[in-house]
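Q: Provided herewith is a single structure, encoded as structure tokens, for subsequent inquiry.
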Amino acid sequence: MTAMTAPPETPALLHDPVIDWFGDHARDLPWRRPEAGPWGVMVSEFMLQQTPVSRVLPVYEQWLARWPRPADLAAEPPGEAVRAWGRLGYPRRALRLHAAASAITELHGGEVPRDHARLLALPGVGEYTAAAVASFAYGQRHAVLDTNVRRVFARAVSGAQYPPNATTAAERKLARALLPESEPVAARWAAATMELGALVCTARTPECARCPISAHCAWRAAGSPEHDGPPRRTQSYAGTDRQVRGKLLAVLREAIDPVPQAVLDTVWDEPVQRARALDGLVADGLVEPLADGWYRLPLSTPAPASG
DNA sequence: AAGGCGTGGGA
DNA sequence: TTCCCAAGCCT
């Protein structure tokens, strides 16, 4: 059980320093420029799910140049989205972004919805992304709880080095309690706290000397104690199905034409795992099987699987 | 509600 | 080298 202290009596004490710091240190990222628009914000949010900014930048630019509106993406096969995704990782995101673009085109007249509930209903949009788009693209007042913000709040308010593994109700409550009343200030606060976590209050080696609220930080006040909760989840990769899926999909991304089974067989020498990985890609709609053991990136959207 | 799902860079 | 981590989502 992680100790959760009550929100500060005056959360406003934190607002000004963090927002002022953001004014001085915010990165000039393309999705923060006005010309990005809601679609640019949404594309960036999909790409940034579990992927660093530096790797997103070039792909984002190419993506927006090729598909400046949701309808442009929706007009192409999902496999083209998977190909353009390149090596960003988690390619199901590309499929979901394509599906979201289709839903926006069909259901919302081609405009990214402003409403949190409608955003949340889009494929690949969860609690965080819905709040982020509503806040960053439309200036609304939402608690935006990503890994950066959770870490900042864990330290500054709760006095813990790291937040819990899964987002808790207590964290959501705290985030809501800290949200500035004013809508534009709340939107600014959301971006500022994320940036603070990304640039200063980092996971490994926070630079407290540069932190605008170090004087108010509960973790610092407690002597920066080591994490004492349950171990943080780590993911293995080498030798897993995920690695095999990655190798298979890399071949198909590079190939314009369909690829025969024999070529796919060269990427991994263990046949059972190789077959399982390929089946998984097909089940996910990332790969389309053709006749006689040929495969390609999908030209059509498969019926959504459930279970 | 744990666990699956990619990839690469920095410490 | 190995390990950790990066603006989560879905089932």
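Q: How much length is gained if the chain between A:ASP257 and A:ALA26 is pulled fully straight, taking 0.36 nm per residue apart and subtracting their Cα-Cα distance, in nm to one decimal? Please report the intermediate quantities before stating the final value.
A: Details: separation 231, 0.36 × 231 = 83.16 nm, distance 4.35 nm.
That works out to 78.8 nm of additional length.
Q: Which trypsin sites (Lys or Arg not before Pro) from the range A:155-190 combine a DSSP loop assignment with at most 11 other Cβ atoms within 10 Å?
A: none
Q: Could you compute the net charge surrounding A:TRP39? Neighbours are other residues with a C-beta less than 12 Å from the C-beta of A:TRP39; K and R count +1, D and E count -1. Could the numbers behind the result be given before it?
A: Numbers: positive: A:ARG69; negative: A:GLU35, A:GLU45, A:ASP72, A:GLU111.
Residues near A:TRP39 contribute -3 overall.
Q: Next question, about the same structure. Give me the extension gain from A:ARG276 to A:GLU183: residue separation times 0.36 nm, minus the current Cα-Cα distance, reported in nm with one decimal.
A: 28.6 nm
Q: Most mobile of A:ALA12, A:ALA134, A:ALA166 per a Gaussian network model of chain A (Cα springs, under 10 Å)?
A: A:ALA166
Q: Provide the per residue accessible area, probe 1.4 Å, for chain A, rounded to a whole number of square angstrom.
A: 52 Å²
Q: Rounded to the nearest percent, how much of the accessible area of chain A (1.4 Å probe, protein heavy atoms only) is carbon and sulfur?
A: Answer for chain A: carbon and sulfur cover 54 percent of the accessible area.
Q: Looking at the range A:71-153, what % of the alpha carbon pairs are farther apart than 18 Å? Kindly include the intermediate steps, with their values, before the conclusion.
A: Values: 1664 of 3403 pairs.
In whole percent, the long-distance tail amounts to 49.
Q: Using only the Cα atoms of the range A:241-296, build the gyration tensor, take square roots of its eigenvalues as a ≥ b ≥ c, and label the shape rounded, prolate or oblate: rounded if a/c is under 1.5, else prolate if a/b is larger than b/c, else oblate. Mind showing how you got there, number by number?
A: Details: a/c = 1.36, a/b = 1.28, b/c = 1.06.
In terms of gyration-tensor shape, rounded.
Q: Something else about it: Kindly give the semi-axes, whole Å and largest first, of the ellipsoid equivalent to the range A:98-222, taking each as the square root of 5 times a Cα gyration tensor eigenvalue.
A: 31, 14, 13
Q: Which net charge results for the neighbourhood of A:CYS211, defined as the other residues with beta-carbon distances under 11 angstrom from its beta-carbon, given Lys and Arg at +1 and Asp and Glu at -1?
A: Charge balance in the 11 Å sphere: +2.
Q: What Kirkwood Rh does chain A have if only Cα atoms enter the pairwise 1/r average? Answer in Å.
A: 21.2 Å
Q: Residues with beta-carbon under 11 Å from that of A:ASP241, excluding A:ASP241: net charge, scoring Lys, Arg +1 and Asp, Glu -1?
A: On the way: positive: A:ARG242, A:ARG245, A:LYS247, A:ARG274, A:ARG276; negative: A:GLU270, A:ASP279.
Taking every Cβ under 11 Å from that of A:ASP241, the sum is +3.
The values are calculated or read from the model by the stated rules, or taken from the named source; none is laboratory data. Just so you know, these numbers come straight off a predicted model, no measurement behind them. Glycine also receives a Cβ, built like all others from the backbone with ideal geometry; neighbour counts cover every protein chain displayed. The protein model used for the area step is the full one, side chains on, heavy atoms only, and it has no ligands, DNA or RNA in it. Shrake-Rupley method; radii C 1.70, N 1.55, O 1.52, S 1.80 Å.
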